[in-house]
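Novice: Here it is, the structure in full.
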Amino acid sequence: MTPLLLAPLELVYGSVIRARNARFDRTPALRLRWPVISIGNLSLGGAGKTPLVICLARLLQREGYHPDVLSRGYGRSRQTVERVDPAGSAERFGDEPLLIARSTTVPVYVGASRYQAGLLAESEGGGRGVHLQGVHLLDDGFQHRQLARDLDIVVMHRSDLQQRLLPAGRLREPLASLRRAGVIVLRHEDAELASTLRVHVRPECRFWLVRRTLSLPVPLRRAVAFCAIARPAEFFDGLAAAGVGVVEKIRFRDHHRYTVADIDRLAELGRRVGCDAFVTTAKDEVKLDAAMRLRLNTVAPVQTAALTVEIEDEGAALDDMRKSLIVTAP
């Protein structure tokens, strides 16, 4: 359907969101013992939350904090609250939590109730408190208002400023919801958007700029690129900017679980075009089991394009977070 035809449903959705937020504004949220820093966004995926969570986890560790990550684990097969095993599967834990667990040394917990996940994290923390400086990073937490947070970090994508609310567009909340944010994160190349966004945020809201880097272990000349992410064009453009020669581009829907048929299709395509590698994102790589990798490797090696995020002014970012890292007494 066109956005015009979906406009009535957009109005209904907007009314529901306003009522939901008003309810949360009146009702105290559940609070954990350790401080909570939420990393979220307004739109459906593709803003770069996961690389930022990884970046913040490493940064806080370096500064002597003991962070963990609380995540819903989108699309996971289990409903239990549990700690992510880095050697486990994306089906059990979700692709993004598994990627975070494999990319860092911090514990990652998944569950529909992030509060219960946080309680589990604190119970396994061995009494970690003021002296050991435990802190929860709430992945994709801006809309999960059942859990109290000490800082809301919102990652913005340039397209968010032109988007409409669901289902006519990709926005889960209107720009007015940015009044809840303590930090807005923009890509370096989108720095000028800060002036536009200031009318939607509180005067004390801070802006962080980040630089994103896509890297590969070896140069590739004839790659078959595939991904299942919200903004596949950005991945393919990033490969081109990194000097990768891409002969075929295959897109799957966001969070797609790869099947044997998908892998057979990719392998046959790679054989037909004579590719020198299959290249995919780190988020997709964690969803490939050993048999899938073996099937592709019979044609060409699987290479992962690693996306990293660096905060331009880490000192200022740490200062912003430290103001929120005050442990609440149980």
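Novice: Given (1) under 30 Å from residue 280 (Cβ atoms); (2) at pLDDT 95 or above, identify the lone condition not met by residue 91.
Specialist: (2)
Novice: Does residue 158 satisfy the criteria of being buried (at least 16 other Cβ atoms within 10 Å of the Cβ) and touching a residue at least 24 places away in the same chain (Cβ under 8 Å)?
Specialist: No.
Novice: Residues of the stretch 217-240 being touching a Gly at 6+ places or on another chain (Cβ under 9 Å) and more than 22 Å from residue 49 (Cβ to Cβ), which ones?
Specialist: Listed by number, the residues that qualify are 219, 220, 221, 222, 223, 224.
Novice: Which one of these is surrounded by fewer than 20 Cβ atoms within 10 Å (Cβ to Cβ) and touching a Ser or Thr at 6+ places or on another chain (Cβ under 9 Å): 214, 175, 193?
Specialist: Unique residue meeting the criteria: 214.
Novice: On to the next question. Report every pair of residues separated by at least 6 positions or lying on different chains whose Cβ atoms are under 6 Å apart, first residue within the stretch 290-317 and basic (Lys, Arg), second in a strand (DSSP E or B).
Specialist: 293/302
Novice: Which helices (runs of 4 or more DSSP H) sit wholly inside the stretch 43-113 and have at least 3 residues that are under 20 Å from residue 172 (Cβ atoms)?
Specialist: 49-62, 95-103
Novice: Could you tell me which of the residues 91, 122, 63, 82 is charged (D, E, K, R) and in contact with a His (Cβ under 9 Å, 6 or more places away or on another chain)?
Specialist: 122
Novice: Determine which single condition residue 202 fails, assuming it passes every other condition in (1) without any contact (Cβ under 8 Å) to a residue 24 or more places away in the chain; (2) surrounded by 19 or more Cβ atoms within 10 Å (Cβ to Cβ).
Specialist: (2)
Novice: For the stretch 67-80, which positions are more than 15 Å from the chain's Cα centre (by Cα) and modelled with pLDDT under 95?
Specialist: Of everything in the stretch 67-80, those that are more than 15 Å from the chain's Cα centre (by Cα) and modelled with pLDDT under 95 turn out to be 76, 77, 78, 79, 80.
Novice: Quick one: how many residues across the stretch 277-330 are over 18 Å from residue 101 (Cα atoms) and either assigned to a helix (DSSP H, G or I) or not β-branched (Val, Ile, Thr) (or both)?
Specialist: 30
Novice: Go through the stretch 6-56 and count every residue that is of a type in the set (A, V, I, L, M), over 29 Å from residue 208 (Cα atoms) and touching a residue at least 60 places away in the same chain (Cβ under 8 Å).
Specialist: Residues that pass the stated criteria total 3.
Novice: Let me ask you something else. Which pairs do you get when a residue that is assigned to a strand (DSSP E or B), found in the stretch 167-190, comes within reach of a residue that is aromatic (Phe, Trp, Tyr), reach meaning Cβ atoms under 9 angstrom, with the pair 6+ apart or on two chains?
Specialist: 183/207; 183/208; 184/207; 184/208; 185/207; 185/208; 186/207; 186/208
Novice: Separate question: Test each condition in (1) in contact with a Phe, Trp or Tyr (Cβ under 8 Å, 6 or more places away or on another chain); (2) polar (S, T, N, Q); (3) over 27 Å from residue 233 (Cα atoms) for residue 41 and report the one that comes out false.
Specialist: (3)
Novice: On to the next question. Being within 17 Å of residue 36 (Cα to Cα) and polar (S, T, N, Q) is the filter; apply it to the stretch 63-119 and report the residue that is surrounded by the most Cβ atoms within 10 Å (Cβ to Cβ).
Specialist: Once the filter is applied, the top-ranked residue is 71.
The values are calculated or read from the model by the stated rules, or taken from the named source; none is laboratory data. Treat the numbers as computed from the prediction; the structure is a model and nothing was measured. Reconstructed Cβ throughout: ideal geometry from the backbone, glycine too, with neighbour counts over all protein chains shown.
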